[in-house]
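A quick write-up on the structure given underneath.
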Amino acid sequence: MIAILGLILLLVTGGIAISGVMTNPASLGEDFQVLGLQLSGLSTGQLFLSGIIVGFAGMLGLAMLFGTFNRRMASRRSRHALKGSQRETAAAREDSARLTQQLDDQRTDAP
């Protein structure tokens, strides 16, 4: 669920950024448009700050997306390690039971 939200956030912010770059002229003397919205009266600093906010939201989406995958991989590794540990424990118990049986057999055979 978090991965889906992260992907949606990343796609939306990417769309906003691409729309802002593609639909506006190179100079900031004119009004700025994003997705058909006219943003008039923005100074260069305000426009830069809005770009930082969109970039931050995009990075948050990316972090949510990759964080989910990292947790899944860590969970798989820990489950794999647990299965290996359980196999080792079972082998040690079998070995212990075999050695106990041998010791009991030696004690009963000895006078």
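The values are calculated or read from the model by the stated rules, or taken from the named source; none is laboratory data. The shown structure was predicted, so the numbers you read here are calculated from the model rather than taken from an experiment. For neighbour counting, all protein chains shown are included, and Cβ atoms are generated from backbone atoms with ideal geometry for every residue, glycine included.
The set of residues in the range 39-68 that are at pLDDT below 75 and of a type outside the set (Ser, Thr, Tyr) comprises LEU39, GLY41, LEU42.
Would you call THR44 touching a residue at least 12 places away in the same chain (Cβ under 8 Å), among the hydroxyl-bearing types (Ser, Thr, Tyr), out of contact with any Ser or Thr (no Cβ under 6 Å at 6 or more places or on another chain) and surrounded by 10 or more Cβ atoms within 10 Å (Cβ to Cβ)? Write out each step before concluding.
Values: touching a residue at least 12 places away in the same chain (Cβ under 8 Å): yes; among the hydroxyl-bearing types (Ser, Thr, Tyr): yes; out of contact with any Ser or Thr (no Cβ under 6 Å at 6 or more places or on another chain): yes; surrounded by 10 or more Cβ atoms within 10 Å (Cβ to Cβ): no.
In short, no.
Cβ-Cβ distance below 9 Å, separation of 6 or more or different chains: which pairs start in the range 11-34 with a residue that is aromatic (Phe, Trp, Tyr) and end on one that is modelled with pLDDT under 80 and loosely packed, with under 12 Cβ neighbours inside 10 Å? Close Cβ pairs (under 9 Å, with a partner that is modelled with pLDDT under 80 and loosely packed, with under 12 Cβ neighbours inside 10 Å) amount to PHE32/GLN38; PHE32/SER40. Cβ-Cβ distances below 6 Å connect the following pairs, each with a first residue in the range 55-79 that is assigned to a helix (DSSP H, G or I), a second residue that is polar (S, T, N, Q) and at pLDDT 85 or above, and a separation of six or more residues or different chains: ALA57/THR13; GLY58/THR13. Considering the conditions (1) assigned to a helix (DSSP H, G or I); (2) of a type outside the set (D, E, K, R); (3) more than 30 Å from MET1 (Cβ to Cβ), GLY51 is excluded by exactly one of them, (3).
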